[in-house]
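Only the coordinates and a few stated rules stand behind these numbers; no lab work does. Predicted model, so just to flag it, every value in this text is computed and none were measured. FYI the Cβ positions are ideal-geometry reconstructions off the backbone, even for glycines, and counts take in every protein chain you see.
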Amino acid sequence: MMPMMPVDPVTLAGRHVRLEPLSLAHEPELCAAGLDPEIWRWTASLVRTAADVRAYIETALEWQRHGTALPFAIIATASGRTVGSTRYANIDRANRRLEIGWTWLARAAQRTPINTEAKYLLLRHAFETLDCIRVEFKTDALNERSRAALLRIGAKEEGILRSHVITATGRVRDSVYYSILAAEWPEVKAGLETRLARLSSSPI
């Protein structure tokens, strides 16, 4: 079996959101969007200052240089503003799999179509262009909202890794893993497209 295609920088655009390769040019708007402690409640990272935002971007770009990640800025189509970030990570071309994660959104962008469409665009590119056979996700076992959201998009829960991550606050978290397989993608895609068709335009 051939390895999956190279995971090169790309812009993915939909009705509500545009995902473009993350760069330091996004730093000012990411500071405006991300300096809210509640956003980082369930993440392993802790971003409190503009310097933390820069370090977050620089780390993401370092992973990209090493070929293990491809980070994106999340742009709200309606306003043109950068409202968060997400990425492909743990890229394993030999085994044709990757993870979608490190996703965060400004509070104003939460509970809008933005996250759903971002996941749709990333999944479509992973399965239909990169030729992945597996896409995985993980989240804090205590983050019920994230767990419910992953089930809603059609991901299957696989299990819990206990004492998996030490967060920036020192808490030892359990992580729940989810996945979508290539054979499941057509059904997941149809469900997401139906859901997106029902959603109104994002207000931000």
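Tabulated values for the structure
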| quantity | calculated |
| --- | --- |
| Nearest-0.05 FRET efficiency for Q110 and A197, computed from C-beta distance (R0 30 Å) | 0.90 |
| Residue order, fewest to most surrounding Cβ atoms within 10 angstrom, among T82, T167, T139 | T167, T139, T82 |
| Cα gyration tensor, segment 133-204 - rounded (a/c under 1.5), prolate or oblate | oblate |
| Difference of contour (0.36 nm per residue) and Cα-Cα distance, I160 to L24 | 45.5 nm |
| Over segment 12-198, relative contact order from alpha-carbon pairs under 8 Å, at least 6 apart, % | 19 percent |
| GNM top mover of V135, V47, V165 - the chain, alpha-carbon springs below 10 Å | V165 |
| Dipole magnitude of segment 75-204, debye to nearest 20 (Cβ charges: Lys/Arg +1, Asp/Glu -1, about Cα centre) | 360 debye |
| Normalised per residue, the volume of the convex hull around the Cα set of the chain (Å³) | 114 Å³ |
| Estimated distance in nm for a label pair at A78 and V172, the labels positioned 7 Å out from Cα along Cα-to-Cβ | 4.4 nm |
| Residue order, fewest to most beta carbons within 10 Å, for E58, E99 | E58, E99 |
| Least to most buried among H66, H164 (fewest other Cβ within 10 Å first) | H66, H164 |
| Furthest towards positive pole of dipole, V165, A182, T116, structure part the chain, Cβ charges | T116 |
| Spin-label model distance (nm) - M5 vs A55, 7 Å beyond Cα toward Cβ | 3.7 nm |
